[in-house]
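Take a look at the structure set out below.
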Amino acid sequence: GAVVSQHPSRVICKSGTSVKIECRSLDFQATTMFWYRQFPKQSLMLMATSNEGSKATYEQGVEKDKFLINHASLTLSTLTVTSAHPEDSSFYICSARIFGAGNFNEQFFGPGTRLTVL
Amino acid sequence: RKEVEQDPGPFNVPEGATVAFNCTYSNSASQSFFWYRQDCRKEPKLLMSVYSSGNEDGRFTAQLNRASQYISLLIRDSKLSDSATYLCVVARWAGANNLFFGTGTRLTVIP
């Protein structure tokens with residue numbers, strides 16, 4: 001199957017700092033990537049849809065000025081958590097959908113980034 | 001009401017057992033259905049799509065009941081390697097970006 005990587009896998013930062021998470025599709029081009037967040041014992045929740053070359057679409061309740069998304073190429077999307085606070089501590093997972101895939105809804109997930117804000 | 005609801009378990013079963021998971025979804029207009037598997041602290045991986053006619057992949061059988069808005073996953077002859085969390089996932093329409101995830105059902109297969 002398709003491979004999606006994320007970097008870093010784990011980050012610990014102080015409150016008020018910004019953290020950038022990278023999501024890369026390694027062996028395919030992804031016009032659309034997705035950013036999810038998973039709190040302990042809760043389900044994955046879609047935060048935003050990242051489209052190459054255009055602005056991201058954010059889900060209700062997700063602050064676009066706090067979670068900056070850039071999708072500058074067909075293989076890279078970045079999520080920047082600005083002025084992180086302890087309540088932003090979570091597991092952030094990206095996924096990518098293969099352009100033109102027959103199973104249109106199949107998304108391939110990255111390994112996730114565990115963010116801890118002190 | 002949650003978009004997708006699952007029994008969180010945990011299910012602890014001996015090797016070789018048959019185990020079934022259930023899931024219900026709230027939006028009757030939903031079009032696409034999936035089971036994903038997520039190992040501890042890892043990313044979800046697609047296990048199988050679920051079709052109206054039901055489908056089978058080796059030891060795994062998925063069923064969809066649109067009238068009851070109910071999805072099931074049956075695992076036969078459980079292996080130790082089946083231990084994981086199984087996520088029920090629903091999309092509103094075939095081309096939808098937004099996948100709605102259940103909280104998952106934790107399965108532990110015991111030797």
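So the values come out like this:
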| read-out | value |
| --- | --- |
| Some residue of the stretch B:82-98 being polar (S, T, N, Q) and more than 21 Å from A:ILE93 (Cα to Cα) | yes |
| Strands (runs of 3 or more DSSP E) wholly inside the stretch A:3-112 containing at least 3 residues that are more than 9 Å from chain B (Cβ to nearest Cβ) and surrounded by 15 or more Cβ atoms within 10 Å (Cβ to Cβ) | A:19-25, A:32-38, A:45-51, A:67-73, A:76-81, A:90-97 |
| Filter result (free of Cβ contacts under 8 Å to residues at least 60 places away in the same chain and outside any loop (DSSP other than H, G, I, E, B)) within the stretch B:30-56 | B:PHE33, B:TRP35, B:ARG37, B:PRO44, B:LYS45, B:LEU46, B:LEU47, B:MET48, B:SER49, B:VAL50, B:ASN55, B:GLU56 |
| Lone qualifier among A:ASP88, A:ASP27 - being without any contact (Cβ under 8 Å) to a residue 60 or more places away in the chain and touching a strand residue (DSSP E or B) at 6+ places or on another chain (Cβ under 8 Å) | A:ASP88 |
| Residue within the stretch B:104-111 that is loosely packed, with under 14 Cβ neighbours inside 10 Å and touching a strand residue (DSSP E or B) at 6+ places or on another chain (Cβ under 6 Å) present | yes |
| Counted residues, the stretch B:1-60 - those being at pLDDT below 90, among the acidic types (Asp, Glu) and more than 13 Å from B:TYR86 (Cα to Cα) | 1 |
| Criterion (in contact with a helix residue (DSSP H, G or I) (Cβ under 9 Å, 6 or more places away or on another chain) and loosely packed, with under 14 Cβ neighbours inside 10 Å) met by exactly one of B:ARG66, B:ARG59, B:ARG41 | B:ARG59 |
| Selected residue (criterion: nearest to the chain's Cα centre (by Cα)) from residues of the stretch B:59-111 that are away from every other protein chain (no Cβ under 14 Å) and hydroxyl-bearing (Ser, Thr, Tyr) | B:SER72 |
| Filter pass, B:PHE100 being modelled with pLDDT under 90 and closer than 19 Å to A:LEU46 by Cα | yes |
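The values are calculated or read from the model by the stated rules, or taken from the named source; none is laboratory data. This is a predicted model, so every value here is computed, not measured. Please note: Cβ atoms are built from the backbone with ideal geometry, for glycine as well, and neighbour counts cover all protein chains shown.
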